[in-house]
Amino acid sequence: MDRFEPNLRIPGPTGLPPTVREAGGRQMINHRGPEFGAMLGRILEGMKPFFGTTNDVAVLTCAGSGGLETAIVNTLSPGDRVLGVSIGSFGDRFAKIAGIYGADVTKIEVEWGRAADPQAVRDALLANPGYRAVLLTHNETSTGVMNPIRELAAAVREASPDSLILVDSVSGLGAVPFEMDEWGVDLVVTGSQKAWMAAPGLAMVAASERGWAATETATMPRFYLDLRSHRESAKAGQTPFTPAIAVVYQVDEGLRLMQAEGKEGVFARHEACAAAARAGLTALGFELFADPRFASRTVTAARLPDGHDWKAFNGAIKSHGVVLAGGQGKLAGKIFRLGHLGSVTVDEILGAIAVLERVAVEQGRRIEPGRAVGAAQAAALAVQTESTATPEAAPERAPVPA
Ligand SMILES: *Cc1c(COP(=O)(O)O)cnc(C)c1O
């Protein structure tokens with residue numbers, strides 16, 4: 001397999017389109033010059049439709065978790081009561097950061113594999129009024145569950161109108177619809193290495209009017225992650241500190257590809273890839289981990305059957321060039337995850353399913369060759385047919401310029 005690049009099917013970082021890779025290799029420029037300013041401006045404006053906001057976006061040089069820390073320290077003060085709604089390990093992390101900075105955190109812990117229930121959130125807020133913020137995970141990458149943020153935000157708005165709604169959409173935004181203004185979300189975080197077809201290194205954060213107002217009164221300590229200085233610098237086409245310029249080049253190019261494909265086209269492609277992944281894994285006899293009503297469109301988690309040792313299973317898959325992700329935290333050794341986000345195509349998912357099928361046959365499982373690939377193909381085609389029936393349908397994959 002060493003003649004080929006691996007089919008990197010982990011939920012970020014993702015494989016990069018050729019022009020994005022090339023963009024990352026460009027010569028450095030002055031990050032205080034007009035060329036950088038124009039590029040930053042394109043990114044800040046170009047991201048807004050994906051966030052569903054007309055408010056300001058900030059680009060920070062840090063991992064997605066740095067973006068989560070940014071959300072906490074810019075809107076909260078020590079002692080603030082915070083409701084952390086956790087459906088997996090990233091929800092736990094968000095709540096943990098708030099606690100470390102001195103927030104008084106109460107957690108709702110949802111059974112892993114399930115989505116948060118708007119009614120439960122409403123009840124928790126009504127039972128204990130006065131929460132300054134509610135922390136939500138949009139796409140819980142550790143379990144492959146996508147929370148219904150619109151409904152959850154509506155529940156918060158109704159039960160506790162003054163609470164800030166802070167959302168981790170590190171692995172969701174850019175791949176699926178998000179309307180932060182319409183849904184009343186106050187702050188959203190995403191990361192360059194997930195849906196944005198770029199290398200790790202940047203976190204993008206958008207805040208509502210209320211979110212930006214909170215940055216003026218919050219008293220948690222902050223310097224590097226202070227959103228006020230990022231907004232101020234952006235007015236001059238700059239970032240307050242030296243940015244990861246190579247990754248900024250890549251996000252600029254990734255965004256260009258996404259715009260060429262069209263937002264709806266990007267979303268439909270992710271939906272088709274997710275449908276293919278679920279159908280293919282199911283046909284192979286794997287039990288999907290997520291509640292099907294809330295299955296993620298960017299990552300699919302499946303249970304490892306009894307007797308399947310993760311290391312041996314993964315080794316066999318990897319020897320055929322497919323890189324899967326294992327389980328995180330308490331799911332280690334119990335599930336595996338197949339990522340389908342960023343520049344992913346249906347063909348790449350079919351390729352991964354073909355390898356899983358081949359390994360199953362080699363291991364003597366009673367699998368009819370081609371059946372899982374066929375099921376995956378059919379599921380993807382069903383989604384594509386649906387989406388091409390709409391007038392604003394866009395091509396299935398981002399056109400890659402020659
Ligand atoms: C990847 C991810 C993060 C963390 O991103 P890092 O860049 O690894 O810090 C946070 N939340 C979710 C939901 C993620 O998928």
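The values are calculated or read from the model by the stated rules, or taken from the named source; none is laboratory data. Small disclaimer: the values here were computed from a predicted structure and weren't measured. So basically every Cβ, Gly included, is an ideal-geometry build from the backbone, and we count neighbours across all protein chains shown.
General remarks:
- Test: residue in the stretch 333-345 that is assigned to a helix (DSSP H, G or I) and over 22 Å from ARG366 (Cβ atoms): no
- Which numbered condition LYS96 fails, given (1) over 30 Å from ILE317 (Cα atoms); (2) of a type outside the set (A, V, I, L, M); (3) within 16 Å of the ligand (Cβ to nearest atom); (4) in contact (Cβ under 8 Å) with a residue 12 or more places away in the chain: (4)
- Tabulated pairs, the stretch 153-175, first at positive phi, second outside any loop (DSSP other than H, G, I, E, B) and hydrophobic (A, V, I, L, M, F, W, C), C-beta under 8 angstrom, 6+ apart or interchain: GLY174/PHE50; GLY174/MET258; GLY174/VAL266
- Qualifying residues in the stretch 188-212 (those that are β-branched (Val, Ile, Thr) and more than 10 Å from the ligand (Cβ to nearest atom)) - the one nearest to the chain's Cα centre (by Cα): VAL188
- Single condition GLU209 does not satisfy, out of (1) surrounded by fewer than 23 Cβ atoms within 10 Å (Cβ to Cβ); (2) closer than 25 Å to GLY329 by Cβ: (2)
- Scope the stretch 154-187; condition over 22 Å from ILE97 (Cα atoms), under 13 Å from the mean Cα position of the chain (by Cα) and either buried (at least 24 other Cβ atoms within 10 Å of the Cβ) or away from the ligand (no atom under 16 Å from the Cβ) (or both); matching residues: GLY174, ALA175, PRO177, PHE178
- Within the stretch 17-39, considering residues that are touching a helix residue (DSSP H, G or I) at 6+ places or on another chain (Cβ under 7 Å) and surrounded by 14 or more Cβ atoms within 10 Å (Cβ to Cβ), the one nearest to ALA352 (Cα to Cα): PRO17
- Residue selected from the stretch 73-87 under the condition free of Cβ contacts under 8 Å to residues at least 60 places away in the same chain and under 19 Å from the mean Cα position of the chain (by Cα), by the criterion farthest from SER163 (Cα to Cα): SER86
- Candidate set: the stretch 213-228, residues that are hydroxyl-bearing (Ser, Thr, Tyr) and more than 16 Å from the ligand (Cβ to nearest atom); chosen: the one farthest from GLY79 (Cα to Cα): THR215
- Test: residue in the stretch 58-72 that is in contact (Cβ under 8 Å) with a residue 60 or more places away in the chain, among the acidic types (Asp, Glu), within 16 Å of the ligand (Cβ to nearest atom) and crowded, with 16+ Cβ neighbours inside 10 Å: yes
- Residue satisfying condition, being crowded, with 19+ Cβ neighbours inside 10 Å, more than 30 Å from ARG93 (Cα to Cα) and either in contact with a strand residue (DSSP E or B) (Cβ under 7 Å, 6 or more places away or on another chain) or at pLDDT 95 or above (or both), within set VAL344, VAL355: VAL355
- Filter result for THR14 (within 13 Å of the ligand (Cβ to nearest atom), over 14 Å from ALA203 (Cβ atoms) and part of a loop (DSSP other than H, G, I, E, B)): yes
- Being at pLDDT 95 or above and away from the ligand (no atom under 16 Å from the Cβ) is a description that applies to PHE267.
- Taking the stretch 155-178 as the range and being of a type in the set (A, V, I, L, M) and within 15 Å of TYR131 (Cα to Cα) as the test, the residues that pass are ALA155, VAL156, ALA159, LEU164, ILE165, LEU166.
- Tabulated pairs, the stretch 199-220, first farther than 19 Å from LYS48 by Cα, second surrounded by fewer than 19 Cβ atoms within 10 Å (Cβ to Cβ) and of a type outside the set (Ser, Thr, Tyr), C-beta under 6 angstrom, 6+ apart or interchain: PRO200/PRO13; THR215/ARG228
- Among residues of the stretch 139-153, those that are farther than 11 Å from PHE294 by Cβ and within 11 Å of the ligand (Cβ to nearest atom), counted: 2
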